[in-house]
Number of protein chains: 2
Amino acid sequence: MGRKNKKGKVEAIANINEDFSAWYVDVVRQAKLADYTSLKGCMVIRPYGFALWENMKAVLDKMIKDTGHVNASFPLFIPESLLQKEADHVEGFAPEVAWVTHGGDKELEERVAIRPTSEAIICSIYSKWVQSYRDLPILINQWANVVRWEKVTRLFLRTTEFHWQEGHTCHRTEDEALVEARKMLDVYESFYQDFLAVPVLKGLKSESEKFAGARSTFSVEALMQDGKALQAGTTHDLGQHFAKVFDITFLDEDETSKHVWQTSWGLSTRSIGALIMTHGDERGLRLPPKVAPVQIIIIPILFDDSREETLKYCNYVKEILSDYRVELDESDKSPGWKFAEAELRGIPLRLEIGPRDMKVDQVTMARRDTGDKRPVLVEDLAKQVGECLEDIQRELLTQALKYREEHTFTVATLDELAEQLTEQRGFYHAPWCGDAACETAVKEKTKATIRCLPFDQPKDKGNCLVCGKPAQHQAIFARAY
Amino acid sequence: MGRKNKKGKVEAIANINEDFSAWYVDVVRQAKLADYTSLKGCMVIRPYGFALWENMKAVLDKMIKDTGHVNASFPLFIPESLLQKEADHVEGFAPEVAWVTHGGDKELEERVAIRPTSEAIICSIYSKWVQSYRDLPILINQWANVVRWEKVTRLFLRTTEFHWQEGHTCHRTEDEALVEARKMLDVYESFYQDFLAVPVLKGLKSESEKFAGARSTFSVEALMQDGKALQAGTTHDLGQHFAKVFDITFLDEDETSKHVWQTSWGLSTRSIGALIMTHGDERGLRLPPKVAPVQIIIIPILFDDSREETLKYCNYVKEILSDYRVELDESDKSPGWKFAEAELRGIPLRLEIGPRDMKVDQVTMARRDTGDKRPVLVEDLAKQVGECLEDIQRELLTQALKYREEHTFTVATLDELAEQLTEQRGFYHAPWCGDAACETAVKEKTKATIRCLPFDQPKDKGNCLVCGKPAQHQAIFARAY
């Protein structure tokens with residue numbers, strides 16, 4: 001983007017309707033959110049992308065703290081013997097673990113895993129911290145990097161190293177843990193809907209899709225503009241599986257020793273991918289004002305005889321808007337180039353200021369979401385900008401909800417699902433008997449998987465789309481990232 | 001600390017004057033700042049310690065941004081071939097690098113290092129980003145975990161994995177890079193003195209102590225209460241060493257291709273160790289109010305007949321102080337136990353509230369730094385608390401400066417240094433010819449190293465403490481962590 005381009009305009013990005021995948025990579029790289037490095041699957045998050053992530057982190061961190069959690073930091077490394085303690089867990093993660101075998105010139109006595117997730121190391125530590133019911137609940141979160149040696153990678157969506165937060169909690173009762181797992185799912189829902197303007201569905205994962213070692217996994221699922229679903233965050237009711245394996249016990253008020261009940265929950269830099277693929281359009285990113293690194297860009301329309309004066313006026317306007325995240329583009333690019341670049345970067349509001357605007361004490365305000373453009377008097381600017389940013393935030397959610405509604409269908413049989421999916425991807429509600437064989441049959445025929453089993457279930461669930469037996473659930477099927 | 005203790009008081013900590021090392025570990029563990037894990041040298045930073053680090057990070061992050069830098073995130077991994085490109089650099093770090101050799105079941109074609117520091121990976125990326133003088137300067141920082149496989153470890157001071165920020169900048173001119181390296185050293189000085197109340201000396205490192213691959217290394221050096229020095233942060237003028245090896249070139253305005261000039265600079269969780277060892281006393285931590293996770297603790301003096309009323313009053317007082325970080329200790333421990341625990345945790349201000357205080361609308365305010373105790377009317381409380389916290393912040397710095405002054409000496413010969421060091425550790429100013437052999441002679445005889453060469457040098461430097469030749473520098477020697 002920008003300087004290296006001799007043509008004086010931004011590089012073309014792939015057409016979003018023709019090649020969504022190419023569009024995605026183009027947007028991520030040309031908007032300078034992130035880029036590949038020489039090491040396969042490892043990305044660099046560039047300053048613009050990282051500023052976005054910092055804003056998202058700040059929002060989620062506050063929500064996590066407001067629900068009573070505190071942050072801590074656990075080791076990057078997990079000794080192999082610890083990771084192997086919980087059988088399902090190691091089976092689920094072993095194929096993608098990166099192993100450290102040498103420290104300096106010395107071969108280690110026991111090789112250590114780089115955490116793919118931290119249940120094993122954290123549970124081994126909790127077993128020392130928890131003694132009495134008075135030590136409960138333990139409500140700890142950490143922001144960390146984790147590593148999963150992936151074969152196929154894509155910027156933000158699936159990378160060898162990624163950043164996330166992982167909460168790990170211990171409770172006195174089974175019920176309390178379940179309430180926690182559901183509560184954090186609500187937090188994730190609110191984070192997506194209220195801040196990223198990304199609508200999500202909540203529900204229970206099927207047995208085959210649940211977290212390795214969990215009793216139940218819940219997820220929030222978003223629908224991208226290519227009709228594919230994205231698992232956007234998960235919370236796990238771990239039951240007492242890990243507590244038993246890692247011996248996390250407490251002396252209860254009744255003087256008997258009991259195992260704790262646990263949860264874990266995580267949300268990663270993948271959420272940036274969800275944001276991009278929910279809101280982007282043919283011109284690039286569209287960022288929700290609440291998390292946009294730059295909410296307003298001021299673009300001066302410069303002429304030789306009024307250059308200084310215009311820039312001075314732009315700085316004055318910037319000053320007025322100091323409650324917002326404002327950038328003034330003083331570079332020597334043409335206004336058209338700057339407009340295109342601001343659109344590519346998804347900046348919610350653009351203010352154009354030229355000599356004609358200045359004469360009548362106004363600026364031209366353009367919205368990234370709708371393209372609407374109108375003059376605003378400088379004396380009204382701070383108020384108008386505030387209202388407009390709120391409106392953009394709402395509008396992005398409205399548009400995304402509309403897209404989801406238009407791409408949500410109900411089908412009764414596998415044939416129907418297969419046929420419709422060839423024409424139109426999206427969320428497909430269908431009855432399911434609960435049998436893994438039927439789930440597999442769907443996957444083999446349509447590549448669609450069960451995204452989740454929604455919490456609100458109809459009374460009459462009909463008959464399984466595959467075997468025709470009475471359905472246990474109304475499931476949501478989709479092709480997914 | 002606390003609950004597991006049947007005696008109803010906090011566990012004893014080692015005597016600070018008799019065994020400083022044991023005192024340090026006791027304080028870190030019993031105040032629940034951090035603890036060891038089953039993996040040698042890897043620590044867990046517990047919620048109280050992490051809240052302290054979060055406050056410190058917030059302060060330093062703002063200072064880094066206010067000086068024009070932006071954050072980004074670079075990969076955890078460095079392919080071996082990249083790390084080996086700069087000869088001095090790899091030689092300096094190779095002995096302590098953790099190597100990943102396997103991803104899942106597959107042996108990697110090329111093993112990858114876990115970053116011990118990120119110059120190699122970042123320079124390889126910068127070589128793509130920098131093309132024109134218009135791309136300069138690049139002013140990027142990252143908050144990251146790094147790994148150095150250490151033989152001897154100590155909580156916060158030297159751990160296998162640690163957290164830090166590392167800045168990596170590229171400049172058009174030699175002079176601009178030098179200015180940057182010195183500017184960030186000033187930022188570190190201000191961070192320590194103005195926020196942690198830890199006085200530091202600034203200066204140039206000797207050749208033998210400089211960063212592997214740097215042209216010059218500058219450092220801030222603090223003096224701990226056992227008279228040992230702690231290197232508390234470093235900035236490096238990298239010259240063009242890395243730029244040449246990694247081919248970071250730009251087309252200058254004069255149309256010629258040039259290598260950039262670089263700096264890097266880092267400050268780590270070691271700073272928490274500096275904080276503890278500068279201010280702690282026989283009762284535990286003493287935390288500077290500006291970064292203390294809890295600035296004020298309210299301890300109710302409870303009696304059966306006024307319990308509810310007292311707690312209600314305490315909550316009312318807490319409400320009044322909502323601009324501060326306040327904790328109300330409602331646990332069922334005795335007041336004496338709570339006092340000792342609050343002291344161990346280094347909470348700057350303690351408010352005691354009992355029925356007698358309530359009757360006259362006052363609280364008893366006790367300072368952690370001096371132990372002073374006095375009644376304060378509730379109507380004056382917010383103001384008094386604010387002033388008192390400021391005074392504590394000042395007082396901690398004053399005490400630390402006084403300690404440093406009392407432990408700073410000037411010597412003329414190696415014999416003098418050796419003799420004085422057996423009685424009293426501290427900073428020793430001495431003339432040095434600049435020859436590494438003399439530096440080594442000092443180290444072998446006294447275990448003291450050159451901490452830095454201060455920027456302000458006397459005109460008449462005297463003769464080298466070892467060889468007697470004319471001194472090039474007035475150096476500061478000390479035994480160090």
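The values are calculated or read from the model by the stated rules, or taken from the named source; none is laboratory data. Model, not experiment: these values are computed from the prediction. Here Cβ is always computed from backbone atoms with ideal geometry, including for glycine, and neighbour counts include all displayed protein chains.
Annotations for the structure displayed:
- Residue match in region A:374-390 (condition: buried (at least 21 other Cβ atoms within 10 Å of the Cβ), in contact with a Phe, Trp or Tyr (Cβ under 7 Å, 6 or more places away or on another chain) and on the phi < 0 side of the Ramachandran plot): yes
- Unmet requirement for A:Asp186, which otherwise passes all of (1) assigned to a helix (DSSP H, G or I); (2) within 17 Å of the chain's Cα centre (by Cα); (3) within 9 Å of another protein chain (Cβ to nearest Cβ); (4) of a type outside the set (Phe, Trp, Tyr): (3)
- Condition check for A:Gly203 on (1) closer than 24 Å to A:Ala22 by Cα; (2) small (Gly, Ala, Ser); (3) crowded, with 22+ Cβ neighbours inside 10 Å: one failure, at (1).
- Selection within region B:30-39: residues that are assigned to a loop (DSSP other than H, G, I, E, B) and modelled with pLDDT of 95 or more. The member of this set that is farthest from the other protein chains (Cβ to nearest Cβ) is B:Ala31.
- Residue in region A:8-29 that is farther than 27 Å from A:Trp149 by Cβ, more than 14 Å from chain B (Cβ to nearest Cβ) and assigned to a helix (DSSP H, G or I) present: yes
- Some residue of region B:40-51 being without any contact (Cβ under 8 Å) to a residue 12 or more places away in the chain and either facing another protein chain (nearest Cβ under 9 Å) or farther than 22 Å from B:Gly213 by Cα (or both): yes
- Scanning region B:304-349 for residues that are within 21 Å of B:Glu11 (Cα to Cα), among the charged types (D, E, K, R) and within 26 Å of the chain's Cα centre (by Cα) yields B:Glu341, B:Glu343, B:Arg345.
- Taking the criterion of being out of contact with any strand residue (DSSP E or B) (no Cβ under 8 Å at 6 or more places or on another chain) and small (Gly, Ala, Ser), the only residue of region A:401-426 that qualifies is A:Ala418.
- Residue in region B:165-177 that is part of a loop (DSSP other than H, G, I, E, B), surrounded by fewer than 22 Cβ atoms within 10 Å (Cβ to Cβ) and either modelled with pLDDT of 95 or more or at the interface with another protein chain (Cβ under 10 Å from one of its Cβ atoms) (or both) present: yes
- Filter pass, B:Ala222 being closer than 30 Å to B:Thr408 by Cα, in a strand (DSSP E or B) and at pLDDT 95 or above: yes
- With respect to the conditions (1) within 30 Å of B:Glu209 (Cα to Cα); (2) modelled with pLDDT of 95 or more; (3) not acidic (Asp, Glu), B:Lys459 lacks only one, and its number is (2).
- Figure legend. Inter-residue proximity from region B:430-452: first residues in contact (Cβ under 8 Å) with a residue 40 or more places away in the chain, second residues crowded, with 21+ Cβ neighbours inside 10 Å and of a type in the set (S, T, N, Q), beta-carbon distance below 6 Å, spacing 6+ or different chains. Indicated pairs: B:Cys452/B:Ser219.
- Candidate set from region A:331-358 (those that are of a type in the set (D, E, K, R) and modelled with pLDDT under 95); member that is surrounded by the fewest Cβ atoms within 10 Å (Cβ to Cβ): A:Asp332
- No other residue among B:Glu343, B:Glu352, B:Glu330 is within 24 Å of B:Leu275 (Cβ to Cβ) and of a type outside the set (A, V, I, L, M, F, W, C) apart from B:Glu343.
- Condition check for B:Ile301 on (1) over 18 Å from B:Leu389 (Cβ atoms); (2) β-branched (Val, Ile, Thr); (3) under 17 Å from the mean Cα position of the chain (by Cα): one failure, at (3).
- Pairs, first at pLDDT 95 or above in region A:375-398, second hydroxyl-bearing (Ser, Thr, Tyr), C-beta under 7 Å, six or more apart: A:Pro375/A:Thr364; A:Val385/A:Tyr324; A:Glu395/A:Thr370
- Subset tally (residues that are in contact with a strand residue (DSSP E or B) (Cβ under 8 Å, 6 or more places away or on another chain) and at positive phi) for region A:456-477: 1
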